[in-house]
Amino acid sequence: MKHESEPDDIAESIIVECDLAEPPAKVWRALTEPALLASWLLPNDIRPEIGARFTFRAEADAGSGTIACEVLAAEPPHLLRYSWRADDPDRHAPDRVVDSVVTFVLTETGNGGTHLRLVHDGFASAAPKVTSLQAERTRRRDRGPLPVIANATTRGGLRWAA
């Protein structure tokens, strides 16, 4: 079922879908509690309230920079959408920014788990950044794959807190 505020698929989007054994409330926590989100993404100060501004901070070994975000939609435990504005990490193009939107849609499955749909869209104005996504995955290989991508391709799961 499509949420009325769910984005339409567009060519400039990264879309990942996967099924998780955990219920939507637990997945929601992993997306909205700063410590849990930091354990698989980046340190942050997220507050899942419409209009709340928060920041992801790059880890020391990932370079410098921050990602400025604003919550655009929050319907616990089913929908989270926020803007994502980051400087391009390519030091040869410091004036290039990624100005995009990230949407998580959580739907309960028949067995009590969660179907997770992640859409990161808005790359039309930052096309060179899309090509550097593979470089980011390569840089992170020594720390393991990006968790959501791992769930889409393996039986591994996000690291959940008790």
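Results, tabulated for the structure shown:
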read-out: Conditions (1) modelled with pLDDT under 95; (2) touching a Phe, Trp or Tyr at 6+ places or on another chain (Cβ under 8 Å); (3) among the basic types (K, R): number failed by R85; value: (2)
read-out: Qualifying residue in region 34-43 (condition: touching a Leu at 6+ places or on another chain (Cβ under 7 Å) and modelled with pLDDT under 95); value: yes
read-out: Members of region 47-82 that are assigned to a loop (DSSP other than H, G, I, E, B), farther than 19 Å from S100 by Cα and modelled with pLDDT of 95 or more; value: P76, P77, H78
read-out: Subset of region 12-46 that is among the β-branched types (V, I, T) and in a helix (DSSP H, G or I) - its residue that is surrounded by the fewest Cβ atoms within 10 Å (Cβ to Cβ); value: T32
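The values are calculated or read from the model by the stated rules, or taken from the named source; none is laboratory data. The model shown is predicted, which means the values in this text are computed figures rather than measured ones. Heads up, the Cβs are rebuilt from the backbone with ideal geometry, glycines too, and the neighbour counts pull from every protein chain shown.
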